[in-house]
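The values are calculated or read from the model by the stated rules, or taken from the named source; none is laboratory data. Please read these numbers as outputs of a predicted model, since none were measured by experiment. Please note: Cβ atoms are built from the backbone with ideal geometry, for glycine as well, and neighbour counts cover all protein chains shown. Surface accessibility is based on the protein's heavy atoms, side chains included, excluding ligands, DNA and RNA. Shrake-Rupley method; radii C 1.70, N 1.55, O 1.52, S 1.80 Å.
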Amino acid sequence: MKTGKRMKMEQRLYVVGIGPGGYEKMTIEAASVLKECEIIVGYTVYVELIRDHFPGKEWLTTPMRREEERCRMAFELAQKGKKTALICSGDAGVYGMAGLVLELNPDYPDVKVNVIPGVTAALSGAALLGAALMHDFAVISLSDLLTPWETIEKRLRAAAEADLVICLYNPSSKKRADYLKKACAIIRAAASPDTVCAYVKQIGREGEEKKIMTLRELAECQVDMFTTVFIGNSQTKRIGDAMVTPRGYRIAGADGSR
Ligand code: SAH
């Protein structure tokens, strides 16, 4: 059909959170968006987690730390009319790429960006532990690559003083081996050493592991960068092998008194 005008080529970039692990941990929306895309761009580790489920795609991987390069590469592909997805682990808007993509979007004004949510590590980890985040909570990253350490300390102190359950992302790396210990010391100023804490490693991936312990014990733990740490509030308890932060329901008979 002749319309006289050439239809404007659609330029679309999806920023997709794939959840904590492989294909099974993705949302149905994330999986159908990836199924429709021609090109999938991501950090090598995440690409390997889902590659087998999306045959016939063009995959482009970049090493860690090359975030801007990765985003611009995705924009340039989208500009050529290729339906492109940039994937992140967990949720793309939680220490992921969604923010940077939208900050760069003005350089590629014809590209329409869609952010597709995923299950962030705090939520998948809390589910593995039981019900760690049933009440108000704060998520704090211990990475001082982009945030001054003083800011991180201030947030830790404020969250502990407010008796929030605290979820720590990026709790450690080779260069920051003692950051978790430092964070525990700050929280300890406002919380009991017996506070129920936990860590969850490699959620939804090979080597998945969880451990519940006290704040005192957590301070002595060595964890790696594939770990999310949970620090309970003053009401959080251990029930068998579950970490539970009570919502506050009164349960008849549960304490044996009624
Ligand atoms: N966008 C991601 C977070 C990226 S920051 C999300 O929403 O989950 C990287 C940090 O996330 C890690 O240092 C770790 O603390 C946490 N994390 C991400 N995936 C994880 C997994 N599968 N298991 C445990 N922790 C994870």
Which one is nearest to LYS80 (Cα to Cα) among residues in segment 28-47 that are open to solvent by 20 Å² or more (accessible area, probe 1.4 Å) and within 13 Å of the ligand (Cβ to nearest atom)? TYR43
For segment 86-108, name all the residues that are touching a Phe, Trp or Tyr at 6+ places or on another chain (Cβ under 9 Å) and part of a helix (DSSP H, G or I). VAL101, LEU104, ASN105, ASP107
Hey, GLY207 hits all of (1) within 15 Å of the ligand (Cβ to nearest atom); (2) in contact (Cβ under 8 Å) with a residue 40 or more places away in the chain but one; which does it fall short on? (2)
Suppose we filter segment 143-177 for residues that are within 21 Å of the chain's Cα centre (by Cα), open to solvent by 40 Å² or more (accessible area, probe 1.4 Å) and closer than 22 Å to ILE212 by Cα; how many remain? 3
Tell me the residue from ILE239, ILE140 that is surrounded by 14 or more Cβ atoms within 10 Å (Cβ to Cβ) and either under 22 Å from GLY96 (Cβ atoms) or more than 12 Å from the ligand (Cβ to nearest atom) (or both), please. ILE140
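Among the residues of segment 72-85, count how many are in a helix (DSSP H, G or I) and touching a helix residue (DSSP H, G or I) at 6+ places or on another chain (Cβ under 8 Å).
Counting residues in segment 72-85 that are in a helix (DSSP H, G or I) and touching a helix residue (DSSP H, G or I) at 6+ places or on another chain (Cβ under 8 Å) gives 3.
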When you go through (1) out of contact with any helix residue (DSSP H, G or I) (no Cβ under 7 Å at 6 or more places or on another chain); (2) within 29 Å of LEU100 (Cα to Cα); (3) modelled with pLDDT of 95 or more; (4) not aromatic (Phe, Trp, Tyr) one by one for VAL196, which number turns out not to apply? (2)
LEU180 vs (1) loosely packed, with under 14 Cβ neighbours inside 10 Å; (2) in contact with a Pro (Cβ under 9 Å, 6 or more places away or on another chain); (3) at pLDDT 95 or above: all pass except (1)
Matching residues, segment 210-236, being closer than 20 Å to LEU164 by Cα, within 16 Å of the ligand (Cβ to nearest atom) and either modelled with pLDDT under 95 or among the hydrophobic types (A, V, I, L, M, F, W, C) (or both): ILE212, LEU218, VAL229, PHE230, ILE231
So for segment 50-71 (the condition being within 12 Å of the ligand (Cβ to nearest atom), in a helix (DSSP H, G or I), open to solvent by less than 60 Å² (accessible area, probe 1.4 Å) and touching a residue at least 12 places away in the same chain (Cβ under 8 Å)), does at least one residue qualify? no
How do the pairs read when you match residues in segment 112-124 that are within 9 Å of ASP91 (Cβ to Cβ) and modelled with pLDDT of 95 or more with residues anywhere that are part of a loop (DSSP other than H, G, I, E, B) and more than 9 Å from the ligand (Cβ to nearest atom), using Cβ under 6 Å and keeping only pairs 6 or more apart or on different chains? GLY118/ILE18
Spot the failing condition for ILE18; the list is (1) open to solvent by 50 Å² or more (accessible area, probe 1.4 Å); (2) within 16 Å of the ligand (Cβ to nearest atom), and only one is missed. (1)
So GLY93, is it in contact with a strand residue (DSSP E or B) (Cβ under 9 Å, 6 or more places away or on another chain), closer than 27 Å to GLU38 by Cβ, in contact (Cβ under 8 Å) with a residue 40 or more places away in the chain and within 15 Å of the ligand (Cβ to nearest atom): yes
Between LEU102, LEU128, which is open to solvent by 30 Å² or more (accessible area, probe 1.4 Å), within 21 Å of ASP224 (Cβ to Cβ) and within 16 Å of the ligand (Cβ to nearest atom)? LEU128
Just to check your reading of the model, which residue among LEU180, LEU168 is in contact (Cβ under 8 Å) with a residue 24 or more places away in the chain and in a strand (DSSP E or B)? LEU168
